[in-house]
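Working notes, beginning with the structure itself.
Every number in this text was worked out from the coordinates using simple rules, so none of it is lab data. Treat the numbers as computed from the prediction; the structure is a model and nothing was measured. Here the Cβ positions follow ideal geometry from the backbone for every residue, glycine too, while neighbour counts run over all protein chains shown.
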Amino acid sequence: MTIARRAALALPLLALPAQGRAQPAWPSRPVRILVPFAPGGLTDTSARAISDRLGEVLGQNIIVENRPGGGSSIGALAVARSAPDGSVFLFNTLSHIVVPMIQDGIPYDEERDFVPVTQIATLPLMFAVPEASPIRDMAGLIEAARRAPGSVTVGHAGNATAGHFAAALLQSRARVQITDVAYRGGSEAARDLAAGVLNAGVLSIAAVRPLLSPPRIRLIAATGPRRSAIFPEVPTVAEVAVPGFAMEEWVGLFAPTGTPREIVARMQQAIAQVLGDAEVRRRLDAIGAEPLGSTPEAFAAFLAEARAAARTLVREANIRAG
């Protein structure tokens, strides 16, 4: 047998994974990504920003399907009950871990029934006030809340969202009492903020950006652990008012428990590749999303920390579904 012949026969072996098993033939049919929120919102927009390019990378159609309701629990339940064959995934936010903590009767276990695939992006939030407000900064907002407990209204995108938890964290850590106003979405809260109906809001960049030129609102602090790459001039709450404060939205992908590890790994790798695409980054930047594409292991570690922090806050602030 010639050297060339032996080399040719060895090539298929080099393509096998370390375990000696061939990669599964996936995806062999369209893949559904369930978004447990209504069309047009931040989560839905994030999913659609990556879906077309993801389909090209995987060589299969990606169908983004909205299953709103129950604070994301209806869509999550549909995925939890799906066959773990890589045909369906859940595209969810912080709500995925906090809804079962604050709402009774959730018919699934978010830790047991789902496998983390990847944390796709973080979505920093901003504390903002109306442009005409006498409040100039985060310290001023906290001082106003201390002077008249309960009189300062802070709007956000709804119960079980990162904005809801950021408002609760502010009350807990700054030891102030505010009136927390939950809306059905960030754009509704932003509209009332610009009109002066609210004293403040804690909202996504996508919600506040249209109101900055001409200026109808003023950004006073970012809620994340670091300044936003989009508004680096805006300090964090931790920098200027409440040391250790950190709360931001994120979007991640989950699969039903039992989904083969090879499929989970391939989906994560495909998303990481997609997040490097210039057009995808442009679309994510437009909504204030900062791409990640973490490994399943890194996402699992992040979720463990996020759960612990959320449980503490739920207990301290006595948060329940509204």
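What to note about this one:
- Mean projected area (nm²) of the alpha-carbon convex hull when the chain is viewed from all directions: 18.5
- Net +/- balance of residues flanking Ala270 in space, Cβ distance below 11 Å, scoring K and R +1, D and E -1: +1
- Shape category assigned to region 51-201 from the gyration tensor of Cα positions, a/c cut at 1.5: prolate
- Environment charge at Leu77 (Cβ cut-off 12 Å; Lys +1, Arg +1, Asp -1, Glu -1): -1
- When the square roots of the Cα gyration tensor eigenvalues are ordered a ≥ b ≥ c, the ratio a/c for region 233-302 is 1.5 or more and a/b does not exceed b/c, which makes its shape oblate.
- Residues Arg112, Arg136, Arg53, arranged from fewest to most other Cβ atoms within 10 angstrom of their Cβ, appear as Arg112, Arg136, Arg53.
- Charge tally around Leu253: other residues with Cβ under 13 Å, Lys/Arg +1 each, Asp/Glu -1 each, net +2.
- Burial ordering of Arg146, Arg261, fewest other beta-carbon atoms within 10 Å first: Arg261, Arg146
- Once you reduce region 40-114 and region 250-297 to the center of their Cα atoms, the two points are 13 Å from each other.
- As a proxy for reagent exposure, Phe254, Phe302 were ordered by neighbouring Cβ count within 10 angstrom, fewest first; the result is Phe302, Phe254.
- When DSSP beta bridges are restricted to pairs lying wholly in the chain, around 60% turn out antiparallel.
- Cα gyration tensor shape of region 125-240, rounded if a/c is under 1.5, else prolate or oblate by comparing a/b with b/c: rounded
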